[in-house]
Amino acid sequence: MQRIFHKILIFLSFALIAYNGYGQPHITEQIEVELVSETTNVVPGETLWLGIRLDPIEHWHTYWKFGGDSGVATFTSEWQIPDGVQVGDIVWPIPEWTPFLGSELVTFTYEREIYLPLPITVPADFDEDFFNLATKIDWQVCEEICIPGSAVFSLSLPIGDTFKIDERWVAGFSESRQLTPTPIGEHNLVTQFNIHDGKVNIMAQAFDAEFDGVDEAYFFPTERRIMKYAPYRKVTLDGNRIQISTEQHRRYPEDLNELDGTLKLIDEDGSWRAFDIAPVLTNIAWDHSIEVELLAETTNIVPGQKTWLGIRLDPAEHWHTYWKMGGDSGEPTSLSEWLAPEGTQIDELQFPAPHWLPFYETDLVNFGYEEEVLLPIAVTIPESYE
């Protein structure tokens, strides 16, 4: 009888642990790591949200999905899950731009407690009483040195008809969702980039007041060897446009036509917003005063025949460009340092009729264009070009 009673107690103990779904945190001198569930139960046919909770001590940090100049992102492996269950990708909250101890290195980090949400899809026909899973989590926590770590975590949750929120983790999941970048396809930003004078220029244009109140902006790429993050970094905030310029990496891939990354905005009140973006390569260049682009009238070139190119100049309001003679002041647009096949004939730049532009309340007058203008130029490559 006593032996049966002991067996019942052991069974009830395991059942209680399984019902509570408690996973044990892994604690080191530098960090506390834990696998948690947003809910205390699982609903078949619905998505269960787990969270990797990373809580480093003061002055230490973990890494975003791409660490920047150094660092390894947190990742999972060796999942033990029921048949038919699918594990989604980690949803990465907005990272921090972290210069590394007075050097020219910059890392993309979390210098705070962070929850990394992770979706688990449970099949509708799941018919067990409890949902059991286990996974290995690897992380890296750094200050002046980096310490890698890993541990196996497990959870056991009962099955229910509706989700029951675990109040312990409400704040953590809520903050992570508030700091999740708006995905591509759910915003209307137009993003491009160009390479000019050894600089990588990321350009974003908004149409729905997304940039109102922005005080600072960062671009976090997800690939190496695109740009140097320091010491040069210039941000131009121009109404509905933002440009972020950094030095080109010495190993920049010459065939790169598209980037992938996150645009982080810090508003005047200190709050953060972000958008996942995929800037495409363009000939357009601009600053706060003008947008410039080299265009071709046709999509191809026929050797021996003229091809018309055009320089598109689009000055900002109250700004202007100049005709071939600027009047009392100003220099015209010009072209130089052509890179073209040997024997290519390049004609002179053509200037449409200009406007008469009195210079404020003076006796000076300029000749130019206060609106968008296209300056044509004819180019002929040799008939023998192959």
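None of the figures in this text is laboratory data; all of them are computed from the coordinates on show. Computed from a predicted model, the values in this text were never measured in an experiment. When we count neighbours, we look across all protein chains shown, and the Cβ atoms used for this are built from the backbone with ideal geometry, even at glycine.
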If Lys and Arg each add +1 and Asp and Glu each add -1, what is the summed charge of the other residues whose beta carbon sits under 12 Å from the beta carbon of ILE284? -2
Tally Lys and Arg at +1 and Asp and Glu at -1 over the other residues with C-beta under 11 Å from the C-beta of ASN240: what net charge comes out? -3
Size descriptor, Kirkwood hydrodynamic radius, that averages inverse alpha-carbon separations across the stretch 110-197, Å: 17.8
What nm value, rounded to one decimal, do you get for the distance between GLU258 and ILE159 when each label is placed 7 Å out toward the C-beta? 4.2
Send over the per residue convex hull volume for the stretch 235-361, Cα only, as a whole number of Å³. 195
If I take every Cα pair under 8 Å that is 6 or more residues apart in the stretch 190-284, average their sequence separation and divide by the length, what percent do I get for the relative contact order? 35
Rg to Rh ratio, the stretch 190-284, alpha-carbon atoms and Kirkwood radius? 0.95
With just the Cα atoms defining each centre, how far is the stretch 19-97 from the stretch 172-218? Give it in Å. 25
Highest GNM mean-square fluctuation, the chain, Cα pairs closer than 10 Å: which of ASP138, ASP314, ASP125? ASP125
DSSP-defined beta bridges in the chain - what % are antiparallel, rounded to 5: 95
In percent, how large is the relative contact order of the chain, given Cα pairs closer than 8 Å and 6 or more residues apart? 12
Among the aspartates and glutamates, which have Cα under 16 Å from the Cα of LYS136 when same-chain residues fewer than 8 positions away are ignored? GLU32, GLU34, GLU78, ASP89
Among trypsin sites (Lys or Arg not before Pro) in the stretch 239-327, those in a DSSP loop whose Cβ has at most 12 other Cβ atoms within 10 Å are ARG250, ARG251
For the chain, set up a Gaussian network in which alpha carbons nearer than 10 Å are linked by springs, and say which option among ILE94, ILE31, ILE290 fluctuates the most. ILE290
So the angle from the long Cα axis of helix 2-20 to the longest Cα principal axis of the chain, reported in degrees to the nearest 10, equals 20
Potential lengthening between ARG250 and VAL87 on full extension [0.36 nm per residue; Cα-Cα distance subtracted]: 54.9 nm
Roughly what % of Cα-Cα distances in the stretch 290-380 sit above 24 Å, to the whole percent? 29
In the Gaussian network model of the chain, springs joining C-alpha atoms below 10 Å, which of ALA316, ALA171, ALA204 carries the largest mean-square fluctuation? ALA171
Need the C-alpha centroid separation for the stretch 113-163 versus the stretch 257-312, integer Å. 41
How many percent of all Cα-Cα pairs in the stretch 232-272 sit more than 11 Å apart? 78
Could you list log10 I(q)/I(0) for the stretch 237-297 at q = 0.20, 0.23, 0.26 Å⁻¹, which the Debye formula gives when each Cα is one point scatterer? -1.10, -1.27, -1.34
Can you pull the percent of Cα pairs in the chain with separation above 39 Å? 39
Rg/Rh ratio calculated on Cα atoms of the stretch 36-194 (Kirkwood radius): 1.02
Of LYS234/LYS264; LYS199/LYS264; LYS164/LYS264; LYS199/LYS306, which pairs sit farther than 24 Å apart, going by alpha carbon to alpha carbon? LYS164/LYS264; LYS199/LYS306
If each of ASN132 and GLN178 carries a label point 7 Å out from its Cα toward its Cβ, how far apart are those two points in nm? 3.9
